[in-house]
Amino acid sequence: GADADKGDGQGCWNATRVAQARALLGFVTQLQATDPDVIVVGDVNAYAFEDPLLALAAGGLHDLIERHARGAHTFVFSGQAGRLDHVLATATLLPHVTGAGTWAINADEPSILDYNLEFRQPACAACGPALYTPTPWRAADHDPVLAGLSLVRVIDGTAGRDRLSGTPGDDRIHFVQ
């Protein structure tokens, strides 16, 4: 059916993944009713140039990793590196973005260090200590994605006798002397 692998580079379940992307856009639209600044972070289960990500881009979400760390990957499968994990933001949030990227701690690590049991080497007298340790490295099969945001509100004054009011958050007040 519509979700079969058509050999076009999209893989299987493409129709379902596009429907999921459209549902996510509907949720983002609901959030924007109270705050236009929305960020979507995580495993979208689609590579950066597959239809689900193209649908999210057409719906107004911007790929921050593509903007700030082009070529970064979060997943390796059969020796092929790609990005299934994303940081997407609405246009109104873009001026506040200071950067985005990935933390290469999982995807490139060998499976012998894996958190799964099927390849894990146990500790033994003949083979030495176990190679797996419960640290951030190889804690998953995907690399985490990161985004930097500067959410300081700038309040501008003039050369006149302004009355400037701050907000409950972090403010930076500019005034002309």
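The values are calculated or read from the model by the stated rules, or taken from the named source; none is laboratory data. Worth saying up front: this structure is predicted, and the values here are computed from it rather than measured. Neighbour counts are summed over all protein chains in view; Cβ atoms, including those assigned to glycine, are modelled from backbone coordinates with ideal geometry. Ligands, DNA and RNA are stripped out before the accessible areas are found, and what is left, the full protein with its side chains, is counted by its heavy atoms. Shrake-Rupley method; radii C 1.70, N 1.55, O 1.52, S 1.80 Å.
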> Of (1) of a type in the set (S, T, Y); (2) surrounded by 16 or more Cβ atoms within 10 Å (Cβ to Cβ); (3) part of a helix (DSSP H, G or I), Y47 satisfies all except one. Which?
Replying inline: (3)
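Residue by residue, here is whether (1) at pLDDT 90 or above; (2) closer than 18 Å to L53 by Cβ; (3) open to solvent by 30 Å² or more (accessible area, probe 1.4 Å); (4) acidic (D, E) holds:
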residue: H86; (1), (2), (3), (4): yes, yes, no, no
residue: P95; (1), (2), (3), (4): yes, no, yes, no
residue: T102; (1), (2), (3), (4): yes, yes, yes, no
residue: D108; (1), (2), (3), (4): no, no, yes, yes
residue: Y115; (1), (2), (3), (4): no, no, yes, no
residue: T133; (1), (2), (3), (4): no, no, yes, no
residue: R138; (1), (2), (3), (4): no, no, no, no
residue: T158; (1), (2), (3), (4): no, no, yes, no
residue: V176; (1), (2), (3), (4): no, no, yes, no
> Which one of these is modelled with pLDDT of 95 or more, of a type in the set (S, T, N, Q), open to solvent by 60 Å² or more (accessible area, probe 1.4 Å) and farther than 22 Å from P144 by Cβ: Q30, Q20?
Replying inline: Q30
> In the stretch 143-152, how many are surrounded by 13 or more Cβ atoms within 10 Å (Cβ to Cβ) and either among the aliphatic types (A, V, I, L, M) or over 14 Å from G101 (Cβ atoms) (or both)?
Replying inline: 4
> Which pairs do you get when a residue that is of a type outside the set (D, E), found in the stretch 1-13, comes within reach of a residue that is part of a loop (DSSP other than H, G, I, E, B) and open to solvent by 70 Å² or more (accessible area, probe 1.4 Å), reach meaning Cβ atoms under 8 angstrom, with the pair 6+ apart or on two chains?
Replying inline: G11/D5; C12/D5
> When you go through A15, A81, A58 one by one, which is the residue that is small (G, A, S) and modelled with pLDDT under 95?
Replying inline: A81
> Any idea how many residues of the stretch 1-44 are among the basic types (K, R) and within 20 Å of the chain's Cα centre (by Cα)?
Replying inline: 2
